[in-house]
Amino acid sequence: MKNQNKEIWIGVESLTNDPVLQDLARQEFAGNIAEELARESASNLSTNRRDFLKYLGFGLGAATIAASCEIPVRKAIPYVVKPDEIVPGVATYYASSFVQGGDYCPVLVKTREGRPIKIEGNSLSSITKGGTSARAQASVLSLYDTSRFSGPESSADGNLGQPRKRGTSGPSWEQIDKAIMAKLKPESRIRIVGNTVLSPATKQAVADFKAKFPNTELISYDPISSAALLEANAQCFGEAVVPSYAFDKAMAIVSFDADFLGAWISPVEYAAQYVKNRTIKDVKDAKMSYHVQVESHMSLTGSNADNRILIKPSEMGAAIVALYNEVASLTGGSKVSGPALPSEKAAKLKKVASRLVKHSGQALVVSGSNNLGEQMLVNGLNAMLDSYGNTIDFANASMQRQGSDKQIQNLVKEMNGGQVDAAFFLDGANPAWDLPNSATFVKGLGKVKLKVSFSGTPNETALLCDYIAPTHHWLESWGDAEPKRGHYSLIQPTIAPLFNTRQTEISLLTWAQSEKLNKESDQPMFDYLKGFWETNLFPQQTKFATFQAFWDSSLHDGVFEAPLPPRPEFGFGGDMGQAASKVRKPSKSEMEISFFETVNMGAGQYANNPWLQEMPDPIARTVWGNYLAIPVMWEGGNDIKSFKNLNQREAYGHADIVEVEVKGVKQQATVVRQFGQPRDSVALALGYGRETAGAMGKALGSKVGVNAFPWCSIDANGNTQYYAEQVNVSDRVDEDDWFACVQYHHSMGVTGTDPKTGETINVDEKTVMTLGSGFQGGLVNRSIIYRGGLEELPELVEHIKEKRTEAAELNATTLYPFDEYEANIYSQGHWWAMHVDLNACTGCGACQVACVAENNVPMVGKHEVGRHHEMTWLRIDRYFFGDYENPNVVYQPMMCQHCDNAPCENVCPVAATPHSSEGLNQMTYNRCIGTRYCANNCPYKVRRFNWLDYTTADLFAINEVDFADTDIPYLADNLTRMVLNPDVTVRSRGVIEKCSFCVQRLQEGKLTAKREGRKLHDTDVKTACQTACPTGAIVFGDRNDKENTLSKRLDNPLNYLVLEETNVRSSVNYQAKVINRDEALDA
Amino acid sequence: MNCHRAIKVGSTYGTAELTKIFASVGYDPSTDKYIPNYEDLSKDEIEQVYKKWISDIYITDKGTLDPMGERTINEQWDGIVEALTDKKTRDFKIQGPIEWVRIHNLPDHAYFNHAQHVSVGKLECQTCHGPVEAMEVVKQYSPLSMGWCINCHRQTAVKFTENPYYQSYAKFHKEIAKGERDKVTVEEIGGLECQKCHY
């Protein structure tokens, strides 16, 4: 299957040179706007002559009022005693920790005037080293979720899922406490159900609760489970923990379906480690790790791999057995007998085995499988490859997955057998929705006499409960986390609780009437946590003599690492032969389906967060929903066929809806064509299709996508399996007219072959080509992505040099006096520039959400995205290259390039976008009249127009966008608006906006340097995308300062400017993508 | 609810934003009106203005001005005078903060930072706020409009040689050393550019 394509492509249309894509790429704004508006007005506006006069009348009236000289009286209430830490206009940062189940990220919370508005990474953490994830970035918006419970609720009132009307209140905490305590007896069989609990203090609170109610059990489960991994480690090493992986020490990595860069266990930590051996710092002595991903759908990790081996989901066990046996035969181990893999795939794994063995001691095999036998074999593989002690460490074992599938299934049985008296559900746990057998769970739950949910927002499980005792959002909480053994992290409140909520621990201690609870205290959880740390953590260290000093230091840093006591080495055990008999058996079914976790949606806990819903999936580039990934087949030449010929009109924004049947359950799903999807399987993301993601009329994430959990199954060993055999995919049954896939939006032009002449041309520039050639690059072969293999690095360097020389020659013929400007203006003071290393970028999307948070970028909803109206300032373009059916991927973060010879600036009729002496392309909203010439003229397609009043900034409700089943538009509610960054203008309808290089941060950094009377350092100015990146792919700074990090990275011969031949003199340097692909595996 | 929804058609609030910039140098809080000769008012006249304001609020609250109301007005005024004139006898019995009336009206969608002007630029308070030390009641002294800002940026010299931050402007330093220029204005280092204030 050697279907190599020399160029990059984004979709089928760019391969087949489809005129649709040409049209789309040629137009900045897709679709006939006038036509659309006319259609809209027919349905919504129904403007008649009287209305017209009314609007006009208002306009005149407004002008008259404006002409008078009245002024508003504005009053302010000053502080009587100003809090020390609040200075109006100055941000305060607090160290805290983002924790959601097993997801963990140590952070700094930026607050303005007491409001948390932004999450930054905590660089003091040795785990994440200052990186963040999209989920952590977006969590600040969940604090202001309008769906949150405003206080405790009781089902007796009958409106659990409804938002409370203003002025009405539910039961008080005293009433709830009394009712619950009356139902609890000392012998009650109580089950506290939660996802992974990272907090030692919470566990202590459960233990204190258990002291009064001895028949209490804490049931931990993870909806997307690593239970088999824990069990395998228990059998092989005697400890049911996730070990600490060191991807930075591994030179050969094999991952069996573990999406360790996207969603698997601790992606921020792993991504930072992973890119250490993936970036090219020195071309002369370049070294890269070798990464093979064995999987049955294109995952984020797979897209970053050098080679992918495509298998059907049911072949996973056979694949692991095959690799095990190959490695065993090379290292002298004993083989195991297990299911066989088709010879073609087995041959590939044989080659992988030899590379792994070559790097023995520097090799790492991981698996996302939830099959006990498979995980044990992976342990066996790592043992043979000498990974333990080298790339895998048990001393610092991770606590980030603790869930047991057996425990939760046992609970389902117990409940159905009437053996449970009370069930408590911790925040985030939603077993009534996210179990494969949630229907049985719900049935059993009906037999439980007392059901209490601690969830902060309504969810499927909470609505079935008798009482809701809502806990705080983590930004309002005191708490701690132990993500790894000996690594502790504190959570501190950054705002007083917005609602009448109470922390779970306090609820438990209150009901247990525990003497450890200080009822008189203003902040009982603070006292409890401090007490816990004093007894348990303070003695673990010797640095601080007094507890207060220790506490202050830990609270300031946010993290505390206890010196680990030496652990005795333990041997590797486990019966591999028996393990091999437990692996899944390949199925003969024609079509299989795999279910996976996406970067943004998790297991559905994040469904009500519009920032995550509208963050495009890195691979499929779809938003607001999960889409069935179908394979794309290459039939030779330009003949690309999709499965069942579905989605022929994807680029038009139309996708087909099919009916998928698994285990007799039929659901309809929208299709997306996916390169790199094996021919005999399809894939669908988990976590979508939540029924009740929030309060009625306020939930944004309800009924978005398809729920795949009921299609999952439980294997003989009791673990949840995320794939299904025997899947029937129907032909097209319907059409999704607003296919929200940003893949085809804002295309910069991709080369393809002209079907008539066979020449290589730019797909979007065909018209220009026929008109004439030569000027400013002739627009052939636009330089968007440069890439190459590790072994041909010198050729790549030479190629880039050649192309850049060529561009320089073309650019020499110009009227633009760049040298003069450089000498007189840019060469002194600051001249901002950015560097993006395409090898370090894994496409995780943290930067994109950080940009949204920092710059008040509006969310627009599925329908608006469907018509190319997404507003993101930073997009991550995804390009394929290589084998059509098994391509490699390169991600390119694309934001305003701040061209010094900017084409957008020249065409603005009102000078709303001029250039600054520091090289910034400035966008001034006050001046903008919305002609959109600039956006049309932008070669990078990074300018965004406010088609509607996305932030409800003006007076006409008709201009607002209503993108979900909500009473008022997103960002119209004053609660949601608390997340806005006061340093950045909230744009109104009718103006263009774009990336500003976070100019508010630049101004702040410059001011700091000025006040301190010193030179500006690159640490003073960091853009939001840069600080969010877990891998350091983005570096920003002043290119006039020759000593900073940026200048060092600007020296790399792999650097290039995108579209350099257009002579726009952009300021963002990209470093070419290099892969370490083993061609031998392509055969 | 959304504050924008609260603005009724015909409200003076939103539209007056356009013109308020020049309208706030000296005004009467009780009538919401600009007093042309505000600067010439004596202390007694200002007392009348404030007492009228307080009595208006009292009448709005209670319906009529009774002897109790008159006492209240005098007490309030005395309290204001005491609190504002003698720091040694600060009255801690005052319940809650006094509602301040915002005197300085600024253009919207503009970022202004005092530290940049006072700490870095070493400007005196009086340059922009006038002789505040002599004002009985503070009033807006300068228009604080964009034109006023820009004009000052054109004329004002940066503390160029004093602050090591500006060393990155090598070309200007060379010109100063050669004697070709004696100062660098704010304009010359980008002080007129849009995104110095608008972002």
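Quick one: in the range B:107-118, which of the residues that are surrounded by 14 or more Cβ atoms within 10 Å (Cβ to Cβ) and under 16 Å from the mean Cα position of the chain (by Cα) is farthest from A:LEU1007 (Cα to Cα)? Quick ask: steps written out before the conclusion?
First pass over the range B:107-118, keeping only residues surrounded by 14 or more Cβ atoms within 10 Å (Cβ to Cβ): B:107, B:109-111, B:113, B:115-118.
From the residues that got through so far, the ones that are under 16 Å from the mean Cα position of the chain (by Cα) too are B:107, B:110-111, B:113, B:115, B:117-118.
Details: B:PRO107: 22, B:ALA110: 17, B:TYR111: 13, B:ASN113: 9, B:ALA115: 8, B:HIS117: 10, B:VAL118: 12 Å.
Result: B:PRO107.
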B:GLY121 being within 27 Å of A:ASP1038 (Cα to Cα), surrounded by 13 or more Cβ atoms within 10 Å (Cβ to Cβ) and under 28 Å from the mean Cα position of the chain (by Cα):
yes
Entirely in the range A:644-706, the strands (runs of 3 or more DSSP E) that have 3 or more residues that are surrounded by fewer than 22 Cβ atoms within 10 Å (Cβ to Cβ) and at pLDDT 90 or above:
A:655-662, A:665-674
Yes or no: the range B:136-149 includes at least one residue that is within 14 Å of another protein chain (Cβ to nearest Cβ) and open to solvent by 80 Å² or more (accessible area, probe 1.4 Å).
yes
Among what's in the range A:114-131 and is open to solvent by 10 Å² or more (accessible area, probe 1.4 Å) and charged (D, E, K, R), pick the residue that is nearest to the other protein chains (Cβ to nearest Cβ).
A:ARG115
Checking A:ALA91 against (1) open to solvent by 40 Å² or more (accessible area, probe 1.4 Å); (2) within 14 Å of chain B (Cβ to nearest Cβ); (3) at pLDDT 70 or above: exactly one of these is not met. Which one?
(1)
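Kindly indicate the residue of the range A:966-977 that is within 11 Å of chain B (Cβ to nearest Cβ) and assigned to a loop (DSSP other than H, G, I, E, B) and also most open to solvent (accessible area, probe 1.4 Å) among those meeting that condition.
Just the residues of the range A:966-977 that are within 11 Å of chain B (Cβ to nearest Cβ), to begin with: A:967-969, A:971-977.
Add one more test, that the residue is assigned to a loop (DSSP other than H, G, I, E, B), and what stays is A:967-969, A:971-973.
Values: A:ASP967: 119, A:ILE968: 45, A:PRO969: 17, A:LEU971: 6, A:ALA972: 2, A:ASP973: 35 Å².
Residue satisfying both the conditions and the ranking: A:ASP967.
Working carefully through the options A:VAL836, A:VAL857, A:VAL849, A:VAL865, find the one that is within 14 Å of chain B (Cβ to nearest Cβ) and surrounded by 22 or more Cβ atoms within 10 Å (Cβ to Cβ).
The match here is A:VAL857.
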Out of curiosity, is A:LYS210 open to solvent by 20 Å² or more (accessible area, probe 1.4 Å) and without any contact (Cβ under 8 Å) to a residue 12 or more places away in the chain?
yes
Please go through the range B:161-197 and give me each residue that is facing chain A (nearest Cβ under 10 Å), part of a loop (DSSP other than H, G, I, E, B) and touching a residue at least 24 places away in the same chain (Cβ under 8 Å), ordered by number.
B:ASN163, B:GLY191, B:LEU192, B:CYS197
Being more than 14 Å from chain B (Cβ to nearest Cβ), in contact (Cβ under 8 Å) with a residue 60 or more places away in the chain and not polar (S, T, N, Q) is the filter here; which residues of the range A:912-937 pass it?
A:ILE929, A:GLY930, A:ARG932, A:ALA935
Within the range A:268-316, the residues that are of a type in the set (D, E, K, R) and touching a Gly at 6+ places or on another chain (Cβ under 7 Å) are A:GLU295, A:ARG308
With A:ASP393, A:ASP427 as the choices, which residue is open to solvent by 30 Å² or more (accessible area, probe 1.4 Å), farther than 20 Å from A:SER147 by Cβ and in contact with a Ser or Thr (Cβ under 6 Å, 6 or more places away or on another chain)?
A:ASP393
The range B:76-105, residues that are at pLDDT 65 or above and either within 9 Å of chain A (Cβ to nearest Cβ) or within 15 Å of B:VAL138 (Cβ to Cβ) (or both)
B:TRP100, B:VAL101, B:ARG102, B:ILE103, B:HIS104, B:ASN105
Out of all the residues in the range A:328-359, which are buried (at least 17 other Cβ atoms within 10 Å of the Cβ) and either aromatic (Phe, Trp, Tyr) or assigned to a loop (DSSP other than H, G, I, E, B) (or both)?
A:VAL336, A:GLY338, A:PRO339, A:LEU341, A:HIS359
In the range A:978-1011, which residue that is basic (Lys, Arg) and open to solvent by 40 Å² or more (accessible area, probe 1.4 Å) is farthest from A:GLU120 (Cα to Cα)?
A:ARG989
Note: among A:THR111, A:THR146, just one is in contact (Cβ under 8 Å) with a residue 40 or more places away in the chain and either open to solvent by 20 Å² or more (accessible area, probe 1.4 Å) or within 12 Å of A:TRP474 (Cα to Cα) (or both), namely A:THR146
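In this structure, is A:GLY718 under 30 Å from A:TYR290 (Cα atoms), at pLDDT 85 or above, in contact with a helix residue (DSSP H, G or I) (Cβ under 7 Å, 6 or more places away or on another chain) and open to solvent by less than 20 Å² (accessible area, probe 1.4 Å)?
no
Would you list the strands (runs of 3 or more DSSP E) that sit entirely within the range A:988-1083 and hold 2 or more residues that are within 24 Å of the chain's Cα centre (by Cα)?
On the way: elements: A:1034-1038, A:1055-1057, A:1068-1071, A:1073-1075.
So the answer is A:1034-1038, A:1068-1071, A:1073-1075.
Do we have B:GLY121 as out of contact with any Asp or Glu (no Cβ under 7 Å at 6 or more places or on another chain) and either more than 14 Å from every other protein chain (Cβ to nearest Cβ) or acidic (Asp, Glu) (or both) here?
Numbers: out of contact with any Asp or Glu (no Cβ under 7 Å at 6 or more places or on another chain): yes; either more than 14 Å from every other protein chain (Cβ to nearest Cβ) or acidic (Asp, Glu) (or both): no.
When the stated conditions are applied, B:GLY121 does not pass them.
The values are calculated or read from the model by the stated rules, or taken from the named source; none is laboratory data. Since this is a predicted model, take the numbers as computed values, not measurements. Because the Cβ atoms are built from the backbone with ideal geometry, glycine has one as well, and the counts that use them run over all protein chains shown. Side chains are part of the model used for accessible areas, which takes the heavy atoms of the whole protein and leaves out ligands, DNA and RNA. Shrake-Rupley method; radii C 1.70, N 1.55, O 1.52, S 1.80 Å.
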